[in-house]
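Since every read-out is calculated from the coordinates, none of them should be taken as a lab result. In this text the structure is predicted, and so the values were computed from the model without any measurement. Here the Cβ positions follow ideal geometry from the backbone for every residue, glycine too, while neighbour counts run over all protein chains shown.
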Amino acid sequence: MTTKDRILEEALRLFSEKGYDGTSVESIAEAVGIKAPSLYKHFKGKEEILNCIIDISEKRYSENFGTAHSSWELPESKEAFIKVSKERFRFTLFDPNIRRIRIFMTQEQFRNRRMAEITNRHKMEDVQNIFKKILTEMMEAGIVKKDDPELLAIELASPAVLFISKGDRMPESREELLEQFERHVRHFCDVYFIKQ
């Protein structure tokens with residue numbers, strides 16, 4: 001791992017534990033095992049570190065969870081839909097860096113407009129738009145009953161957001177939350193999928 005990577009990793013850990021304002025460049029450098037002037041060889045300052053962390057996290061999340069603009073392989077059955085949904089939920093719930101950035105953004109959203117916008121997008125808009133797109137395509141393919149895809153996406157995604165929030169507060173409950181999420185998705189499929 002490069003010094004730059006270690007700076008980003010330690011900064012994210014400190015930001016998620018102490019908040020942005022509670023973390024100094026000196027404390028980041030100390031956590032990495034370097035002097036503050038050495039940190040400036042890699043970043044102009046704390047804001048650039050934060051922006052780099054956000055950009056990397058956004059890219060990682062998009063690659064592993066997807067976006068409404070991603071090309072998806074359309075799940076062709078209830079079981080395939082459950083599998084895809086569960087994989088994305090598991091990634092969101094268990095990935096340590098995504099969890100740290102989510103905790104950090106949840107705390108900072110009340111102090112930083114950019115953090116508020118990113119938090120809102122990740123917790124609501126992106127997830128709902130992704131599922132709206134998938135459900136619309138599955139309706140067109142005759143897999144899901146015709147209904148309002150936007151409302152169905154909200155119905156599907158909202159409990160996931162609550163489960164993830166609980167998992168952040170109580171990490172020991174994550175396996176149980178994964179099971180609850182799967183039960184939720186199975187119930188959703190029983191209600192809205194056309195019997196195949």
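Once each of the chymotrypsin sites (Phe, Trp or Tyr not before Pro) sitting in a DSSP loop with at most 14 other beta-carbon atoms within 10 Å is removed, the chain keeps 111-196 as its longest stretch.
The VAL161 and GLU73 beta-carbon pair, evaluated with R₀ = 30 Å, returns a calculated FRET efficiency of approximately 0.80. Applied to region 21-32, the Karplus parametrisation 6.51 cos²θ - 1.76 cosθ + 1.60 on θ = phi - 60° returns per-residue 3J(HN,Hα) values of 5, x, 10, 9, 4, 4, 5, 5, 4, 4, 5, 7 Hz, with x for Gly and Pro.
Between ILE154 and PHE94, the FRET efficiency estimated from the beta carbon spacing at R0 = 22 angstrom works out to 0.35. Excluding same-chain neighbours fewer than eight residues apart, the aspartates and glutamates reachable from LYS83 by a Cα-Cα span under 16 Å are GLU73, GLU175, GLU179, GLU182, ASP190. Computed over neighbours whose Cβ is under 12 Å from that of LEU135, the net charge equals -2, Lys and Arg +1, Asp and Glu -1.
Compared with the alpha-carbon gap, the fully stretched path from GLU26 to ASN112 is longer by 28.8 nm at 0.36 nm per residue. The residues LYS41, LYS166, when put in order of fewest to most other Cβ atoms within 10 Å, stand as LYS41, LYS166. Cross-linked pairs LYS44/LYS132; LYS86/LYS146; LYS78/LYS166; LYS132/LYS195; LYS59/LYS166: Cα-Cα separations exceed 29 Å for LYS44/LYS132. Got a sec to turn the phi values of region 88-104 into Karplus ³J(HN,Hα) couplings, 6.51 cos²θ - 1.76 cosθ + 1.60 with θ = phi - 60°, whole Hz, x for Gly and Pro? Going residue by residue, I get 5, 5, 4, 4, 4, 6, 9, 4, x, 6, 5, 4, 4, 5, 5, 4, 4 Hz, with x marking Gly and Pro. What is the list of residues in region 28-62 whose amide nitrogen lies under 18 Å from a point 7 angstrom out from the Cα of ARG121, following Cα to Cβ? Within reach of a label on ARG121: 48-62. Amide H to amide H, with H built 1.01 Å from N, VAL144 comes under 5 Å of MET139, ILE194, counting only residues 5 or more places away or on other chains. On the basis of the beta-carbon distance and an R0 of 45 Å, ASP190 and LYS44 show a calculated FRET efficiency of 0.25. Return the label of the correct value of Rg/Rh (Cα atoms, Kirkwood Rh), as calculated from the structure shown, out of (i) 0.96; (ii) 1.05; (iii) 1.02. Checking each listed value against the structure points to (ii).
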